[in-house]
Amino acid sequence: MNRRHRKLQTHTPGQDRWLVTYSDLITLLMIFFIVMYSMSQLDAKKFRAIADSLSVTLGGAASSELDLSTSSVGPSVIEGGKASNPGLPGQVSPNSSEPTSLPANEPADSSPNTQEDLTIEGIKTKLDQFAKENGISGKLNSSIEERGLVISIQDTLLFSSGSADITPKASNILKKISSVLDASPNYIRVEGHTCNLPIHNANFPSNWELSVIRATNVVQLMAKEGGISPLRLSAVGYGEYRPVADNNTKQGRIANRRVDLVILRSKYDVLEPGRYSTE
């Protein structure tokens with residue numbers, strides 16, 4: 001009887017090893033669901049901002065899905081439709097030496113991405129109308145690029161040949177443009193460009209110096225007389241090395257001699273140095 005009882009209680013070696021495999025499987029499933037839950041709680045906006053910054057820094061295109069309204073300096077005119085223009089004087093005759101005023105911006109849509117795009121379009125339309133009314137459409141053009149709105153001004157509209165001094169007529173034009181752009185906190189980069197014809201005089205040993213001084217003078221005027229905060233402005237000179245047309249033709253050289261005002265989209269604020277400065 002005792003022998004039979006002992007026989008029934010005998011265990012086969014490894015009989016309970018399935019429990020080890022089962023417990024491992026349950027542990028792995030628990031870890032999997034914890035990881036999935038953590039990923040679902042990731043801040044998508046911050047992730048897109050980081051991804052876009054890395055993409056731009058490494059030379060790639062910015063993500064089209066990035067929230068364009070995010071700005072370290074606060075809400076943007078290119079996002080809230082706030083660029084109403086109360087400070088502009090009334091219209092005057094196009095024959096007058098004083099440029100006519102620019103129309104007020106249209107209110108923008110409530111969607112952040114749509115707001116920025118619509119307001120950029122509104123500013124562009126306003127500048128195109130301003131150029132047409134003052135007979136300078138061939139010398140003042142605007143275009144929308146990935147980086148923002150580019151206002152391209154032919155050098156003969158601003159300076160005398162070989163000079164970096166802004167003419168009185170150009171000063172009035174730049175002040176009108178500044179009064180519109182002042183309503184926005186967006187960064188503005190002023191870019192000086194020349195054609196490839198060499199310049200040699202006492203003031204400018206090369207086209208590089210000429211392009212830099214011209215851009216700097218425009219920045220100074222926009223800050224001192226246009227009322228734009230210096231914190232938003234920067235000047236850069238590219239000389240002859242960023243042409244938009246063929247320098248082998250006369251028309252191409254005319255197109256290349258220009259000053260570009262670039263109103264940067266607010267998503268590029270994260271790439272600007274010293275953006276934590278306060279007024």
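The values are calculated or read from the model by the stated rules, or taken from the named source; none is laboratory data. Just so we're clear, the structure is a prediction, and the values are computed from it rather than from any experiment. As a convention, Cβ positions derive from the backbone with ideal geometry for all residues, glycine included, and neighbour counts pool all protein chains shown.
Observations on the model:
- Taking each residue of region 122-147 that is at negative phi and free of Cβ contacts under 8 Å to residues at least 60 places away in the same chain and looking for partners that are surrounded by fewer than 17 Cβ atoms within 10 Å (Cβ to Cβ) and not β-branched (V, I, T) with beta-carbon atoms closer than 7 Å, six or more apart or interchain, yields G122/E106; K126/P103; Q129/P103; A131/S137; E133/P94; N134/P94; S142/D128.
- Between L140, L197, L149, the distinction of being in contact with a Lys or Arg (Cβ under 8 Å, 6 or more places away or on another chain) and more than 15 Å from N256 (Cβ to Cβ) belongs to L149 only.
- Members of region 238-264 that are surrounded by 20 or more Cβ atoms within 10 Å (Cβ to Cβ), in contact (Cβ under 8 Å) with a residue 60 or more places away in the chain and under 9 Å from C195 (Cβ atoms): N256, R257
- Residue that is at pLDDT below 95 and either of a type in the set (K, R) or in contact with a helix residue (DSSP H, G or I) (Cβ under 6 Å, 6 or more places away or on another chain) (or both), where the choices are R265, R214, R258: R265
- Of the residues V150, V190, the single one that is β-branched (V, I, T) and touching a helix residue (DSSP H, G or I) at 6+ places or on another chain (Cβ under 7 Å) is V190.
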